[in-house]
Amino acid sequence: MKKLLIASILTITAGAWAQTVTVKVEGAWVRGTVATQKATGAFMRLTPSAKVRLVSVSSAAAGVAEIHEMSMENDVMKMRQIDGLDLNAGKATELKPGGFHIMLMDLKAPLKGGDSVPMTLTFEDAAKKTFTQDLTVSVTALGKGKAPNAMKPDMKSETKSDMKSEMKPEMEHKQ
Amino acid sequence: MPQKSLLFENRLGRTSRRSALKACVALGVVPWLVACDPLVSSGAASDGFKGIDITGADYARDFALVDFNGAPRTLADYRGQVVMLYFGFVQCPDVCPTALARAVEVLQLLGPAAAPQVQLLFITVDPERDTPALLLEYMAAFDPSFVAMTGSLAQIKATADAFRVYFKKVPTGSTYTMDHTALTYLFDPKGQIRVAMRHEQTAAEYAADIQRLLTEDEA
Ligand SMILES: [Cu+2]
């Protein structure tokens, strides 16, 4: 009886937040690689409906995925893994060259322009509850420009955090 | 440990800049910042370089490495061309591909007549992972004219020191990344060190300084 009660409370709570928190992902892209290159970066713009923290990333395309911050100090490029990235409600946080990125390491195979990479983002909400969001991120060929994620607002996608839905690539990259 | 010496070493060699730098140092500001750099901050100075003028510097003189085809190389091999020299590594998600993509854009801006007079050279700071074959393929992904250099770790270290380029292996998870200086050095067609371009500068600014070096060579 007690067990049942706890179970039903949990369900109600889970159901309640699932209805509210969504994270909009826009302009996501992964930089392509050449044959024996083992690491690359993924970039995107994240806008949550409520304050959340991006706590981890995983991808079937890479053995390791980390959240990184790049900084330039006295013309020295430094890159560090960070524990997580706080995202403010309704505010877009850019993961872009020169700032934050998702570092994909130990790549299973080279990434060619036009390919797509599955990725799962794990967020933590204000109540410390985690939820995931699955993405399919398109690959921009290596050497094809610096920031190909030109805004295409009409193609932006949004998923409910409670659904493990497959997102469509936000835009096509011309090769 | 290298931070302090780096700041010290990064002082510019140019007399005309010394007073401004001293003022910045006195204020406790890092000398290499744009705000303390009269040429960069003024931006519009049409008679100066957009980058940092280091003409006559007693560093960044030459290197002796091997290219990705195994051929021994020094700067003299590129006499008659403006050389853009950049230190980086292939497993770099961000600044290195951005710098190389910008170099492609620079060649486009300069146009088909001037582009062959410009040579991009990339020196790896990660010779352990950046094999010649990987460097060859990586450069070709940007522009087949780009050439990458490698050498033993000791040779790379000595070269970086001679160019006042800092690099350091930083562990991350099961692997490592590299901190490194992200300046691009410009050499004039006579092989003299002239300009240090900063990573934050645009392709148009790079192209303007390169054009200037090419034009002054013709004059
Ligand atoms: Cu990284």
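The values are calculated or read from the model by the stated rules, or taken from the named source; none is laboratory data. Keep in mind that what you see is a predicted model, and the values were worked out from it rather than measured. So basically every Cβ, Gly included, is an ideal-geometry build from the backbone, and we count neighbours across all protein chains shown. All accessible areas refer to the heavy atoms of the entire protein, side chains included, with ligands and DNA or RNA removed. Shrake-Rupley method; radii C 1.70, N 1.55, O 1.52, S 1.80 Å.
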Quick calc: nm separation of the 7 Å Cα→Cβ label points for B:Ala113 and A:Ser58 -> 5.9 nm
Beyond 20 Å (Cα-Cα) in this structure, taken from A:Lys51/A:Lys129; A:Lys24/A:Lys51; A:Lys78/A:Lys129; A:Lys38/B:Lys169; B:Lys50/B:Lys169, we find A:Lys78/A:Lys129; B:Lys50/B:Lys169
Extend 7 Å from the Cα of B:Arg79 along its Cα-to-C-beta direction; within the stretch B:98-119, residues with backbone N under 19 Å of that point are B:117-119
Extension length gain for B:Glu200 and B:Thr131 (0.36 nm per residue less Cα distance), in nm, is 22.0 nm
Output field shielding_mean for B:116-128 (other chain Cβ, 10 Å radius) holds 0
From most to least accessible, 1.4 Å probe, no ligand or DNA/RNA atoms counted, A:Arg80, B:Arg79, A:Arg45 line up as B:Arg79, A:Arg80, A:Arg45
Between the modelled labels at A:Asp115 and A:Lys129 (7 Å from Cα along Cα→Cβ) the distance in nm is 3.7 nm
Over its alpha-carbon atoms, the stretch B:40-129 yields an Rg and a Dmax in Å of 15.0, 43
Rounded to the nearest 10 Å², the 1.4 Å probe accessible area of B:Glu137 is 70 Å²
Rounded to the nearest 10 Å², the 1.4 Å probe accessible area of A:Phe131 is 10 Å²
With +1 at each Lys and Arg Cβ and -1 at each Asp and Glu Cβ, the charge dipole magnitude of the stretch A:25-118 around its Cα centre, to the nearest 20 debye, comes out at 180 debye
Per the C-alpha gyration tensor (a ≥ b ≥ c, the square roots of its eigenvalues), the stretch B:65-197 is rounded if a/c is under 1.5, else prolate if a/b beats b/c, else oblate; here it's prolate
